[in-house]
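K.L.:
Okay, handing you the structure first.
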Amino acid sequence: MELILRITGYGDNYQLFNKVKVENRPEYLIMNSGVSKKYFKNTRFHSDNQSDLFLRTKTDSTFRIFVQGASTVVGFPFYHGGSFPRLLKQRLSETFPEKNIEVVNTGITAVNSYTLLDLTDKIIDQKPDLVIIYAGHNEYYGALGVGSASSFGSHPVVVRSFLFLKNFRFFQLLDNTYTKLFSQKKDTPKVTETTLMEVMAKEQRIPLNSEVYHAGTNQFEGNLEKILKTYKKNDIPVIISTIVSNEKDIKPFISDAIEDETKFNKTLQDGNFEANKMAKNNAMAAYTLGRYYLYKNQDTAKKYLHLAKELDFLRFRAPEKMNEVIKNLSKKYNCSLVDMKAIFSSHSSEGIIGSELLTEHLHPNIKGYFIMADAFYNKMKELKYIGNWDNYISYDEAFEYIPITQIDSLRGKFLIDDLKKSWPYDLSMSKNRPLSSYHYIQNPSYEERRAIEIHTNQVIDWRDIMYESYNRYNREKAYKKGLQVAQSLIFEFPEEADVYRLAANMCLKLAKLDKAAYYYFKYNELDKSSLSAQNLASTYIELNKIDLALKTLLDAKNRGFNNEAINGLLNSITIKKN
C-alpha cells in the first residue's frame with residue numbers, strides 16, 4: 001500500500017532538502033518549502049522559510065553552518081537580507097574570502113522544539129561543521145505546542161510518534177480520512193481573517209506555574225535535551241543562545257483587570273505597598289509599577305517589568321524558565337552559549353530590552369538582527385572556528401554596509417504596523433484585520449510604492465523589483481543603496497555569477513576596493529570568463545596586490561583567454577614590477 005501511494009503521488013514529501021540542478025554548476029540542495037505542512041494541523045496555514053542553496057557534495061573548502069529556530073531565525077518581518085543567519089554569512093564570507101561559507105537557515109515560522117528535534121537527524125546527514133540554535137518562544141502556541149490550535153496533546157511520546165508516522169503516505173491517508181470524517185467545523189478564526197497569532201492560540205489563559213505552563217517548559221527541556229544529546233553523539237559542535245523578549249515597551253496581552261485603577265494609581269503615587277502587593281499576582285499591575293519606576297529606580301523597574309511578562313496569561317513571550325533550561329543544558333552537553341538576553345540588555349537604555357531593538361513583543365528590528373549576527377560572529381572568533389581571523393570585520397564597519405534594502409525594510413514596517421493594530425495587541429480586533437497603515441501615506445516615495453506592491457502581492461517577482469531598483473540607484477548615483485540591493489540578490493541567488501559583479505561594480509563606485517576585490521573574486525570563481533578575470537586583476541592592481549593580479553591573469557590564459565585585454569594587463573604588471 002505504501003509503495004502504491006508513493007508511485008501514484010499521493011500525500012506529501014517531507015524530506016528536508018530537495019535537489020536543485022543549475023546549468024554548468026554542481027548540484028545544490030535547498031530546503032523543501034513544503035516540509036512545514038507536516039507540523040500544522042487544520043489551520044490552513046503553510047509556514048514560510050528562507051531558501052538557502054548549499055552544495056550537495058561538500059567540498060574541502062566549505063564551512064557549513066545550519067541554523068535552527070522559528071520566525072526570528074527566518075528574519076520576520078524583513079526576510080531576505082534581514083535575517084541574522086544571512087547577516088552572519090555575509091560577514092563570515094568577507095572574513096574568509098577563500099572559503100565557501102554556507103549558512104543554511106532551517107527556521108520555520110510558528111514551530112517549536114518538536115520540529116527542531118524532527119529535523120536534527122536530517123541536518124546531521126548534511127555534515128554540518130556547526131549548528132546554531134535560537135528557539136524557545138513557541139512552546140505554547142507554535143505547531144504542536146501545548147496551548148496551540150495545532151496540537152496533539154501534551155504527551156511528548158505521542159507527539160513524536162505522530163511526527164514519525166507522518167513520513168508514511170499510508171498514515172497520511174488515514175490522518176486525512178479521519179480529519180474529513182470526524183473533524184467538526186468550529187468557530188475558529190482563519191489566517192485570511194486575522195493574525196496567525198490568533199489562529200494558533202487556543203489556550204489563551206495559561207497562568208504561571210499552572211499544569212499547562214509546566215507542560216510547555218517540560219516539553220522544551222525534553223526535546224532540547226534530545227537535540228543536544230544527538231549532536232554531541234555525532235561530534236557536531238553547537239552554539240545555543242538565550243532568547244529575548246520586549247519587557248519594557250509591551251504591556252501584558254491578557255491580564256486580570258485592576259479593579260480600581262484610580263485607587264491603584266493613588267497608592268502608587270503615595271508609595272503605599274498595596275500596589276506592590278497587587279503586582280505580585282497581576283500582570284497589568286506589575287507592568288504599571290515597572291513603568292512608574294522606569295526613570296526613578298531602574299532595578300525596581302526591571303524587576304516588575306520582568307514579572308509582568310512572566311504573569312502574562314497569553315504566552316507568546318517565553319517565560320524565563322526557557323532561558324534557564326538553555327543555560328543548564330548548554331553546560332550539561334558542553335555547548336557554547338551566547339547569552340543574547342544579556343547582550344541585548346547591554347545595548348538597551350536602562351538595561352531593559354524594549355523597542356530600541358525589537359519591532360514588537362519578540363522579533364528584532366534591523367539593529368537587533370545585526371546584534372544577533374554580531375554575537376554569533378564574535379563567539380565563532382572566540383572559539384577559533386574556520387581559520388585565521390586576520391580579516392576580522394569590526395562592528396562599525398559591518399553595520400555601515402548592512403545588506404538590507406530600504407524596500408524590504410519598509411515592507412517589514414508595514415507588517416509590524418498592521419500587527420500592532422490587530423489581535424492580540426488590540427483584543428477587540430478578534431477575527432478582524434485592520435486597515436493597513438500604507439493607506440495613509442500621501443505622495444509615497446519610490447521605495448514606499450514598491451514596498452506596498454510587495455506587501456499587497458501586487459507584484460509577483462521580488463527579483464524584478466530588485467533589478468529595477470539597482471538600475472535606478474545606479475542612475476541616481478545612490479551607490480550604497482545599490483550595493484544593498486546586490487547583496488540581497490546574492491543571498492537569494494548565490495549560484496549566479498552576475499549578482500557578484502553587480503555588487504563589485506557598486507563597491508568600485510563607493511571607492512571600497514577591498515570589498516570590490518572580494519565580490520569580483522566570487523564573480524570570477526563562478527563565471528571563469530575573460531571579463532571576470534580582467535575585473536578581478538584590475539582591482540588587485542589598484543590595491544597593489546600584484547602577485548594576486550598576476551595569478552588571476554595567468555589562470556585566465558591557461559583557460560584559453562589570450563586576448564588583447566588580458567595581455568595588456570599582464571604588460572602593465574611587468575611595467576609595475578620593473
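The values are calculated or read from the model by the stated rules, or taken from the named source; none is laboratory data. All figures in this text were calculated on a predicted structure; none of them were measured in a lab. Here the Cβ positions follow ideal geometry from the backbone for every residue, glycine too, while neighbour counts run over all protein chains shown. Remember, those area values only see protein heavy atoms, side chains included, never the ligands or the DNA or RNA. Shrake-Rupley method; radii C 1.70, N 1.55, O 1.52, S 1.80 Å.
K.L.:
If amide H atoms are built 1.01 Å from N in the plane of the peptide, which residues on other chains or at least 5 residues away come under 5 Å of the amide H of I101?
P.N.:
F63
K.L.:
With a cut-off of 18 Å, note down the residues of region 510-528 whose backbone N falls inside the zone around a label point 7 Å from the Cα of N388 toward its beta carbon.
P.N.:
518
K.L.:
Distance cut-off 29 Å, Cα to Cα: go down the list K522/K577; K19/K190; K309/K421; K21/K122; K19/K477 and report the pairs above it. It would help to have the intermediate numbers written out before the result.
P.N.:
On the way: K522/K577 26 Å; K19/K190 33 Å; K309/K421 20 Å; K21/K122 20 Å; K19/K477 39 Å.
Check vs 29 Å cut-off fails for K19/K190; K19/K477.
K.L.:
Under 19 Å between alpha carbons, and skipping anything fewer than 8 positions from K263 in its own chain: which aspartates and glutamates qualify?
P.N.:
Here the aspartates and glutamates satisfying the reach criterion relative to K263 are E274.
K.L.:
Calculate what fraction, in whole %, of the accessible area of region 112-199 sits on carbon and sulfur atoms when a 1.4 Å probe is rolled over the protein chains.
P.N.:
Working: 2360 of 4010 Å².
Solvent-exposed carbon and sulfur of region 112-199 make up 59 percent of the total.
K.L.:
Which pairs, out of K166/K327; K37/K202; K413/K480; K99/K226, put more than 23 Å between their alpha-carbon atoms? Before the final figure, lay out the partial values.
P.N.:
Values: K166/K327 32 Å; K37/K202 19 Å; K413/K480 21 Å; K99/K226 32 Å.
Pairs exceeding the cut-off: K166/K327; K99/K226.
K.L.:
Ignoring everything except DSSP H segments at least 4 long, calculate the 222 nm mean residue ellipticity for the chain; use -39,500 (n - 2.57) per segment, divide by total residues, nearest 500.
P.N.:
Numbers: 25 runs with 289 residues, N = 578.
Result for the chain: -15500 deg cm²/dmol, rounded to the nearest 500.
K.L.:
Name the residue farthest towards the positive end of the dipole of the chain from the options F493, F76, L357, assuming +1 on Cβ of Lys and Arg, -1 on Cβ of Asp and Glu, about the Cα centre.
P.N.:
F493
K.L.:
Set the Förster radius R0 to 60 Å, insert the Cβ-Cβ distance between N265 and N334 as r into 1/(1 + (r/R0)^6), and round the FRET efficiency to 0.05. Walk me through the numbers on the way to the answer.
P.N.:
Working: r = 50 Å, r/R0 = 0.84.
FRET efficiency, N265 to N334: 0.75.
K.L.:
I've got another one for you. In µm²/s, what is D for region 1-157 at 20 °C and 1.002 mPa s, where D = kT/(6 pi eta Rh) by Stokes-Einstein and Rh is the Kirkwood radius from Cα pairs? Working shown, then result.
P.N.:
Details: Rh = 16.8 Å.
The calculation lands on 128 µm²/s.
K.L.:
Given a Förster distance of 22 Å, report the FRET efficiency between L531 and I575 from their Cβ-Cβ distance, rounded to the nearest 0.05. Don't skip to the end; give the middle numbers.
P.N.:
Numbers: r = 22 Å, r/R0 = 1.02.
So, using R0 = 22 Å, E works out to roughly 0.45.
K.L.:
Once Rh for the chain is found with the Kirkwood sum over Cα pairs, what is the Stokes-Einstein diffusion coefficient at 25 °C and 0.890 mPa s, in µm²/s? Mind showing how you got there, number by number?
P.N.:
Details: Rh = 26.0 Å.
It diffuses with D of about 95 µm²/s by this estimate.
K.L.:
If you don't mind, another one. I need the peptides 106-115, 198-207 ranked by packing, meaning the mean over residues of other C-beta atoms within 10 angstrom, with the highest value on top. Don't skip to the end; give the middle numbers.
P.N.:
Details: 106-115: 27.5, 198-207: 19.5.
Per-residue Cβ counts within 10 Å, averaged per peptide and sorted highest first, yield 106-115, 198-207.
K.L.:
Give the calculated FRET efficiency between R463 and K233 to the nearest 0.05, with a Förster radius of 51 Å applied to their Cβ-Cβ distance. Can you show the working numbers first?
P.N.:
On the way: r = 41 Å, r/R0 = 0.81.
The calculated FRET efficiency here is 0.80.
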